[in-house]
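See below for the structure under consideration.
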Amino acid sequence: MDMDATSAANMIREWLASEKLETREVQDSQNFLHLHVRYPPTKAAHLFNVVIPKNRNLVLIYSITRVDEGQQLEMKEHYLSDSLEWETWLHETRLLLTQANLDWVLHIGKKETKESGPLQAFNLSRPIWFDGLTQNEFMHTMRKVWLTKLSLIHKIKFGYGPGTGKPGPVDDWPKKSSSKNLRGKKTQVKEMDINFDETGGFGRSFDRDEWA
């Protein structure tokens, strides 16, 4: 039997419930389904987005992370003191993400000079087409995005310290309120920013308009 968006959405809800994962429905006119999912099911959960776009036979799993303000300042010091070493760090980061077999976007700070600015945010995602959608594939994709995200968090933390606990700016994102981004039911997740200590709380910060 061919799978459609309705049956895919119902199965995904069942799988997430069976794994005891907290989910919230997001009212989203651009997509057939948009869920916020806290993963993994621990106190250190990140916010993941599970989306079924309209008129597409796939589900997209993605998670976006803002880089800490203090870490961004350390990155600025790095590229000002040794631009070649900084570009090497960025190159190695891109290779890490490409080898992870995920789709990714790095949001780099905008600068008037030739040097690239700090890494301000990163977006990791992976699509699963309906003809390959199983609980095993879905949950392993969640896990793959999570482990790759954690690898990059550790890489940033090792190179640029623990940060200040405050998310830094993201030049690529338009200035707009989270209520506009996350319009929907009152049950949506409380606003939190990313804490780069994986033993503490994690939250969300993302621009849904980056994704078709």
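Considering only C-alpha atoms, what is the centroid distance from segment 44-66 to segment 142-158, in Å?
About 16 Å separates the Cα centre of segment 44-66 from the one of segment 142-158.
Provide the net charge surrounding Asn55, with neighbours chosen by a C-beta distance below 15 Å and charges set as Lys +1, Arg +1, Asp -1, Glu -1.
Values: positive: Lys54, Arg56; negative: Asp4, Asp28.
Here the charged neighbours net out to 0.
Given 25 °C and 0.890 mPa s, how large is the Stokes-Einstein diffusion coefficient of segment 1-96 in µm²/s, with Rh as the Kirkwood radius over Cα pairs? Spell out each step's value before the answer.
Numbers: Rh = 16.3 Å.
My calculation gives 150 µm²/s for D.
Using a 10 Å cut-off on Cβ atoms, rank the peptides 18-27, 40-49 from the highest mean neighbour count down.
Highest mean packing first, the order is 40-49, 18-27.
When ranked by the protection proxy of mean other Cβ atoms within 10 Å per residue, highest first, what sequence do the peptides 146-155, 92-101, 125-134 form?
Put in order of decreasing packing, that is 146-155, 125-134, 92-101.
May I ask for the net charge around Lys144, where only other residues with Cβ less than 12 Å from the Cβ of Lys144 are counted and Lys, Arg are +1 while Asp, Glu are -1?
Neighbour charge sum, excluding Lys144 itself: +1.
Every number here is computed from the coordinates shown, using simple stated rules; none is lab data. Just so it is clear, the structure is predicted and the values come from calculations on it, not from any experiment. All Cβ positions, glycine included, derive from the backbone under ideal geometry; neighbour counts span all protein chains shown.
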